[in-house]
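No lab work stands behind these numbers, since they all come straight from the coordinates. This is a predicted model, so every value here is computed, not measured. Backbone-built Cβ (ideal geometry, glycine too); neighbour counts: all protein chains shown.
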Amino acid sequence: MNHTGKTAEELIELARQVRELAYAPYSKFKVGAVVECRDGRIFTGCNVENSSYGLTMCAERNALAKAVSEGGREFIRMAVIADAHAPVPPCGACRQVISELCGKQTEIVMVNLRGQIETHTVDELLPEAFDGTFL
Ligand code: THU
């Protein structure tokens, strides 16, 4: 147990709340994400779509961008929620960004509105990731 702050249930509730703020007029698929830092700070994000679809930003990357730009570091857990038939896994682009900023053992808690929960580490979601050591 390396987190000092919130329970998984509390993180999920925050993800549920920020999901409501999603700007998703095109897909109607609202996503909420929350990251927890080792010092207990919490940052939230939702997906923000654009009529030029490719400019859409996912909830996970928005949460991480908010966190980094506010000085958040050492991410120990992330929760992601959406209304889907199963817990929603981060997309490939988000996995790469998560892998850059979070440790391999950071837990990604995936949830749907039905209350199904699945947890995987970053390393499980993106094994053999490309990273800065290759540059
Ligand atoms: N989306 C996320 O926010 N996170 C993911 O990991 C998967 C996809 C968003 C992007 C888009 O606004 C909508 O879900 C449908 O793809």
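Here are some notes:
- For the range 1-36, the candidate set comprises residues that are of a type in the set (D, E, K, R) and closer than 16 Å to ASP83 by Cα; within that set, the residue that is farthest from the ligand (Cβ to nearest atom) is GLU13.
- Of the strands (runs of 3 or more DSSP E) lying entirely inside the range 37-115, the ones with 2 or more residues being farther than 23 Å from GLY132 by Cα and near the ligand (Cβ under 10 Å from one of its atoms) are found at 42-46, 75-82.
- Flag: GLY32 matches the condition of being within 13 Å of the chain's Cα centre (by Cα) and closer than 14 Å to VAL111 by Cβ.
- Within the option set CYS94, CYS46, being touching a helix residue (DSSP H, G or I) at 6+ places or on another chain (Cβ under 6 Å), within 15 Å of HIS120 (Cβ to Cβ) and buried (at least 22 other Cβ atoms within 10 Å of the Cβ) holds for one residue only, CYS94.
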